Every structure is written in structure tokens, then in C-alpha cells.
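Below is one structure, written out as C-alpha cells, with a few remarks after it.
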Amino acid sequence: MIGRVAQRLLESVSWGLKGRLYLGAGMSVLDLASDVNMIRLYLMSAKQAKFGYALLAMVATNIGLQLLITFLQNRKFPLVHQLRNLAYVLVGVKPVVDAARVTRGDTEDARALLAPDVELAVVKMMELFAEAIPGCVLQVLGYMTLTSQASRVKYSALASIAISAGTTGFISATISYDYDVNPAKRKLTPSFYGYIRDRSKYRALTFLTLSLNASLLLLIRSFSAALLIQVDSTAFIWCVRLASGVVFICFLTRVL
């Protein structure tokens, strides 16, 4: 009986989920810290100041979007609760707080706009498209223009690029993984979901390869985009417009 009870308890503890959530939240905070450090280093150089201002704008956009979703999420709560959650955004620990809420199994409050797990996913997506992905492209471009004398900045830039790529890959893999292993989605669309096998070692291996693949793809595309910007910035703008149009059409097709 004791053995059976222990087995049930072990089955109910989602160590993998907790590990992924807290590791992802920690990487998000580390990514923000590395971006702030690069902003400081860029602004110290007159030639690199434009990269510092551009990266600062991306970080500010990310924080602004998080403040907006946090306000909408908590607008029906008491003022102290609203201010506390807004402060989490300003000090950069909101991903950690959201991850803690999800791992605790907090249920959706009737006053809240989104469920805790949905809020966490929305914040992650905001971070990806407002800071992590464009910030990686910008920092690769900045790294290509650094002089040989700025060795300290070069090492910091390489570290920041690696952190941004790793964070983006991890978040992307987490979203894909969580959607694929969701029983409801597998039952609703078995032809699309279900490519991750059920055994734990295969799940861990798949998640690792998903993260690595997304990170390497971002690095390849970031270097390609940076090279294209240096050769012909107008062509890069048209490529972005074309890609955005294709994504929008695919979204409309999916919705309709």
C-alpha cells in the first residue's frame, strides 16, 4: 500500500513542467539583464550609440506591452494588487512570478482576463517578438561593426547574442512542447499533434533538439539579416514586409 501511494504521489508531481517553467523564466531575466548591459556598453561609444538606442527601444517596447497586459489582467483587482504586479514587470521578475503561479496550479480568477498559463504564454510571445528576436538581429549587426579595439564589448556582445538565441529557442520549444503533449489538443487534432513520444527520455531528447534547432535557426537568420542590411537595407525591409504579409494571410486562413 505504501509503495502504491508513493507511486501515485510521484506521478502527480510535474518536475519536468516546474523545471522548464523556472528555467525559462530565469533565462528571460538573464536575457533582459544582458540586453541592459549591452545598452550601457553601446551608449559608452559614440559610434555604437545608435545600437544602444535601438536596443533600448526594443526593451522599452517589451516592458510597455507587459505593463499593458498586466494592467488589463488585474484591472478588476484591488489597487495594491495591481501595483504589486506592475512592479514585478518593472523590476524584470514577472516571468518568474508567472511561472510560480502556474506550477502552484493557480486557477483562473473570475476577475482576471486570462488564466495563469495563458498569461504566461502571452508574456513569452511578447518577449519573443518585441525583444528577443529583433534584439538578436540588432546585436549581430552591431557585432559586425565593432572594431578590434573594443574586445570587452565584443565578448559581451557574443554572450548577449548567445543568451538571446538560447532564450528564444527555449521559449519556442516550450510552447511547441506544451501544445503537442496537451491531451485535449491531441484528441481534437490527432493528425497534427502527437509527434512527441510518451516515454520520458524521448520527451526530454525531443525538447532538447527543439530548443537547439530554434536557437540555431535564429542565429542563422540573424546573421543573414545583418549581412543583407549591410548590403542593401531596402531589400531587407521588403523581405520583412513580404514575410509579415505571408504570416498575416496564414493567420486569416487559420481563423476563417
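The values are calculated or read from the model by the stated rules, or taken from the named source; none is laboratory data. Being a predicted model, the structure only gives us computed values, none of them experimental. Quick reminder, even Gly has a Cβ in these numbers, built from the backbone with ideal geometry, and neighbours come from all protein chains shown.
See the values below:
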| quantity | calculated |
| --- | --- |
| Whichever residue in the stretch 177-192 is assigned to a loop (DSSP other than H, G, I, E, B) and under 25 Å from the mean Cα position of the chain (by Cα) and, among such residues, is modelled with the lowest pLDDT | ASN182 |
| Boolean, LEU79 is out of contact with any Leu (no Cβ under 7 Å at 6 or more places or on another chain), surrounded by 14 or more Cβ atoms within 10 Å (Cβ to Cβ) and not hydroxyl-bearing (Ser, Thr, Tyr) | no |
| Residue count for the stretch 75-104, restricted to those that are assigned to a helix (DSSP H, G or I), touching a Lys or Arg at 6+ places or on another chain (Cβ under 6 Å) and over 16 Å from VAL118 (Cβ atoms) | 1 |
| Contacts under 7 angstrom Cβ, first residue in the stretch 110-125 being among the β-branched types (Val, Ile, Thr), partner in a helix (DSSP H, G or I), 6 or more apart | VAL122/ILE69; VAL123/GLN66; VAL123/ILE69; VAL123/LYS94; VAL123/PRO95; VAL123/ASP98 |
| Flag if LEU41 is in contact (Cβ under 8 Å) with a residue 60 or more places away in the chain, over 12 Å from GLY92 (Cα atoms), assigned to a helix (DSSP H, G or I) and of a type outside the set (S, T, N, Q) | yes |
| Residue check for PHE71: modelled with pLDDT of 85 or more and either in contact with a Gly (Cβ under 6 Å, 6 or more places away or on another chain) or surrounded by 15 or more Cβ atoms within 10 Å (Cβ to Cβ) (or both) | no |
| Selection count, the stretch 193-234, where residues are surrounded by fewer than 18 Cβ atoms within 10 Å (Cβ to Cβ) and in a helix (DSSP H, G or I) | 22 |
| Lone qualifier among GLY64, GLY19 - being modelled with pLDDT under 85 and either part of a helix (DSSP H, G or I) or among the aliphatic types (A, V, I, L, M) (or both) | GLY19 |
| From SER148, SER164, residue being at pLDDT 80 or above and either more than 20 Å from LEU56 (Cβ to Cβ) or assigned to a helix (DSSP H, G or I) (or both) | SER164 |
| Tally of residues being farther than 20 Å from THR167 by Cα, surrounded by fewer than 13 Cβ atoms within 10 Å (Cβ to Cβ) and modelled with pLDDT under 85 across the stretch 82-103 | 0 |
| Verdict on SER45 being over 20 Å from the mean Cα position of the chain (by Cα), surrounded by 13 or more Cβ atoms within 10 Å (Cβ to Cβ), over 18 Å from ALA165 (Cβ atoms) and modelled with pLDDT under 85 | yes |
| Number of positions in the stretch 235-250 that are among the aromatic types (Phe, Trp, Tyr) and exposed (fewer than 12 other Cβ atoms within 10 Å of the Cβ) | 2 |
| Flag if VAL91 is under 25 Å from ALA157 (Cα atoms) and without any contact (Cβ under 8 Å) to a residue 24 or more places away in the chain | yes |
